[in-house]
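The values are calculated or read from the model by the stated rules, or taken from the named source; none is laboratory data. Everything numeric here is computed off the predicted structure, so don't read it as measured data. Glycine gets a Cβ as well: all are built from the backbone with ideal geometry, and neighbour counts include every protein chain shown. To get the accessible areas, we keep the full protein, side chains included, count just its heavy atoms, and leave off ligands, DNA and RNA. Shrake-Rupley method; radii C 1.70, N 1.55, O 1.52, S 1.80 Å.
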Amino acid sequence: MSDSPSEYDIVIIGAGPAGLCFAGSLRDTTLRIAIVERLDAIRLADPPYDGREIALTHGSARLLRELAIWQHLPAEGVSTLRSARVLNGNATEGLELTPGHGALGQLGYLVSNHLIRRAAYDVVREQPGVTVLAHTAVTALHTDQNAGYVTLSDGRSLEARLIVAADSRFSETRRAMGVAARHHDFGRTMLVCCMQHEIPHGHVAVEWFGHRQTLALLPMNGDRSSVVLTLPHAEIERLRRLPAGRFEQDMQRRLLGRLGRMTLAGERFAYPLVAVYPERFTTTRYAVIGDAAVGMHPVTAHGFNFGLRSQDTLARLISAAWHDGRDIGAAPLLRAYDSEHRRA
């Protein structure tokens, strides 16, 4: 193997939705892009269900359509979010959130995370100029005024004009680049699962701030909902270990029977609640997008939407620079991205 590094214009670290969409957003250029991802090609092409249902705004749906990713989503996997209701305590009525004029009669859409990832990969892997380096990790990373330099776990070296990290809110490359970030551990864990229920949801999302618990009900197609329960970690682990029948009874009790009889439809997943906010989104020839830029609390359901916006912002600046013949990794461009995304 040659010791000389493989040269690209951009190296993207992380092939999640943010990283893949960022590559797709640069399809109108001839930039040479490498995407480095720990997962192997089989799991990238067919990612397993992870319990996460993504609430997409109309703006996010528009971006996914522009990238031709939306067209790869199965129709049965896209559920309508007609409205939302926020409840407090044991109240049956609360704050109602309804679409405004021109909002297509709905607040947005609900799509499983794994379906978005699969569709994004299907589109981007066929994009000219994009190379996906699957089943490999970054072992070393540094930049200077001229380029960024990446060493991979298989011994290969990459060189690029810009390094873009989309490797989660716990980004290892962000730390390697010396970019500090504030972490806030909420001391809670989120349990997510799909449940069938006998009372229809009417495609209304519910956020319920109950006594000693927070519950979200996200309407899926059919009489099914993605149930999101937030509790201290020990309680979540106890619920994960309960036999299905006892778990179903517990959930009916927690929901005060408002959806009638409930049946568990799949696995139970748990995610710790930690918010992350870096001191900066860029440094020399390096930028963060997606959750690596801002890791939000899921209560607003906007983490994915905001991550999608970050890649769009950076891609627009890079595309304009490329068309003008300017340096795509120059400090003024990166400062503009940092400023715009921070204001957002």
| said: Need one value: the accessible area of VAL132 in square angstrom, 1.4 angstrom probe, rounded to the nearest 10. | reply: 40
| said: Taking 0.36 nm per residue of sequence separation and subtracting the Cα-Cα distance, how much length would be gained by fully extending the chain between ALA137 and THR214, in nm to one decimal? | reply: 24.1 nm
| request: Please name which of LEU191, THR29, GLN127 has its Cα lying farthest along the dipole of the chain towards the positive end, using unit charges on Cβ (Lys, Arg +1; Asp, Glu -1) and the Cα centre as origin. | output: LEU191
| Relative contact order for the range 172-222, counting Cα pairs under 8 Å that sit 6 or more residues apart, in percent | 22
| remark: Computed ³J(HN,Hα) along the range 123-135: with the Karplus parameters 6.51/-1.76/1.60, θ = phi - 60°, integer Hz and x for glycine or proline, the list is 6, 6, 5, 9, 6, x, x, 9, 10, 9, 9, 7, 6
| task | Read phi for every residue in the range 214-221 and hand back ³J(HN,Hα) as whole Hz from Karplus 6.51 cos²θ - 1.76 cosθ + 1.60, θ = phi - 60°, with x for Gly and Pro. | result | 10, 10, 10, 10, 10, x, 9, 5
| Computed [θ] at 222 nm, helices only, for the chain once each DSSP H run of length n ≥ 4 contributes -39500 (n - 2.57) | -8500 deg cm²/dmol
| said: Please list, by residue number, every one of the GluC sites (Glu not before Pro) in the range 79-144 that is coil in DSSP and has at most 15 other beta-carbon atoms within 10 Å. | reply: GLU93, GLU126
| query | Which of the GluC sites (Glu not before Pro) found in the range 161-234 are in a DSSP loop and have at most 14 neighbouring Cβ atoms, other than their own, within 10 Å? | reply | GLU198
| Filtered trypsin sites (Lys or Arg not before Pro), the range 170-233: DSSP coil and at most 15 other beta carbons within 10 Å | ARG212
| request: Measure off, as a whole percent, the carbon and sulfur share of the 1.4 Å-probe accessible area of the range 35-190, all protein chains present. | output: 51
| request: Between the alpha-carbon centers of the range 281-306 and the range 316-344, tell me the distance in whole angstrom. | output: 17
| query | Once the dipole of the chain is set up with Lys and Arg at +1 and Asp and Glu at -1 on Cβ about the Cα centre, which of THR92, SER153, TRP322 lies farthest towards its positive end? | reply | THR92
| field | the range 1-102, relative contact order in percent, only Cα pairs under 8 angstrom and at least six apart counted | value | 18
| query | Applying the Karplus parametrisation 6.51 cos²θ - 1.76 cosθ + 1.60 with θ = phi - 60° to the phi angles of the range 20-35, what ³J(HN,Hα) value in whole Hz is obtained for each residue in order, glycine and proline being reported as x? | reply | 5, 5, 4, 4, x, 5, 9, 5, 8, 10, 10, 5, 8, 10, 10, 10
| request: Note down the Stokes-Einstein diffusion coefficient of the range 103-253 in µm²/s, whole number, using a Kirkwood radius over alpha carbon pairs, 37 °C, and 0.692 mPa s. | output: 165
| query | Taking every DSSP beta bridge that has both residues in the chain, what percent is antiparallel when rounded to the nearest 5? | reply | 70
| said: For Cα pairs less than 8 Å apart in space and 6+ apart in sequence, what is the mean separation divided by the residue count of the chain, i.e. the relative contact order in percent? | reply: 22
| task | Compare the Cα positions of VAL164, GLY178, LEU110 along the charge dipole of the range 50-184 (+1 at Cβ of Lys, Arg; -1 at Cβ of Asp, Glu; about the Cα centre) and return the one farthest towards the positive end. | result | GLY178
| query | What net charge do the residues around VAL123 carry, taking every other residue with its C-beta under 12 Å from that of VAL123, with Lys and Arg at +1 and Asp and Glu at -1? | reply | +2
| field | Per residue accessible area of the chain, 1.4 Å probe, in Å² | value | 46
| query | When the gyration tensor of the chain is built from Cα positions, what are the square roots of 5 times its three eigenvalues, in whole Å, from largest to smallest? | reply | 38, 21, 19
